[in-house]
Amino acid sequence: MLTRSQRLKAGAIAAVAAPIVGVLGRTYRWIEDGGEHLHAVGTADVAPILALWHGRILPATLFFRDRGVVAMTSRNFDGEWIARVMRRFGYGQARGSTSRGGARALAEMRRALRDRRPVAFTVDGPRGPARVVQPGAVWLAGATGHPILPFHIESSSHWTARSWDGSQVPKPRATLAIAMGPPMHVPPDLDEAGLEVKRQELQEALERLEARARQILQTSR
């Protein structure tokens, strides 16, 4: 549990950060690739499991804002202020991670999917290693029958945090490319070997989407 001081500090950070993020977001130019995949799951009235790298939380928060997405956020101090910022952009939270409270968070995400609300996973979080898919999203897709929708975002200019995930903060007036892949379905009741195959499939999909987003930016100049 966080102390009262930590909760107050998290609230103060969110109060300052959220307006700044909102102002920055209004200056960005977006290029979408693969938007038909997001449209397809919406048309089928099936809530997707959004999958992204931890280092792209900020631009993803802006792109998917106000769509009722429920995101898994850690129960530590960083997770607290991130959750408070995201709440201001229309997100719900499932509080937990692979290291603490994961089962409860997964249960909350299952409920959200049953209510037709999309959920979001930073699949290499909360501690890394960076750009290595952890099995949580794959397990949830198999348990619920809902598809994983992988995506990646790159920006033409950005600041990079000195953190384990190399978090990107796009600079004002940056061009952002989002590349979305086709929905990935996971059969129910897979054994450990089958889940590993699907985990690797998601890993490769995100790597391809990262390359695609970079290519889009290069050709848009």
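The values are calculated or read from the model by the stated rules, or taken from the named source; none is laboratory data. Keep in mind the model is a prediction, meaning the values are calculated, not measured. Positions of Cβ are generated from backbone atoms using ideal geometry, with glycine treated the same way; all protein chains shown enter the neighbour counts. Surface areas here come from the heavy atoms of the whole protein model, side chains and all, with no ligands, DNA or RNA. Shrake-Rupley method; radii C 1.70, N 1.55, O 1.52, S 1.80 Å.
Note on the chain: with a GNM built from Cα contacts shorter than 10 Å, the maximum mean-square fluctuation among ILE20, ILE49, ILE178 falls on ILE20.
Once the C-beta distance of GLN218 and ASP115 is scaled by a Förster radius of 35 Å, the resulting FRET efficiency is 0.30 to the nearest 0.05. Gain on full extension, evaluated as 0.36 nm per residue between GLU207 and ARG65 minus their Cα-Cα distance, stands at 48.7 nm. Taking every alpha-carbon pair under 8 Å whose residues sit at least 6 apart, region 1-89 reaches a relative contact order of 57 percent.
Using the Cβ-Cβ distance between ILE20 and GLU192 with R0 set to 41 Å, the FRET efficiency from 1/(1 + (r/R0)^6) comes to roughly 0.40. Estimated from helical segments only, the mean residue ellipticity of the chain at 222 nm is -14500 deg cm²/dmol, where each DSSP H run of four or more residues counts as -39500 (n - 2.57). Rolling a 1.4 Å probe over the heavy atoms of the protein chains gives region 162-206 an accessible area of 53 Å² per residue.
Relative contact order of the chain, taken over Cα pairs closer than 8 Å and 6 or more residues apart, is 25 percent.
Taking the DSSP beta bridges with both ends in the chain, the antiparallel portion is around 35 percent.
ALA40 to ASP78: FRET efficiency via 1/(1 + (r/R0)^6), r the Cβ-Cβ distance, R0 35 Å, to the nearest 0.05? Calculated transfer efficiency: 0.55.
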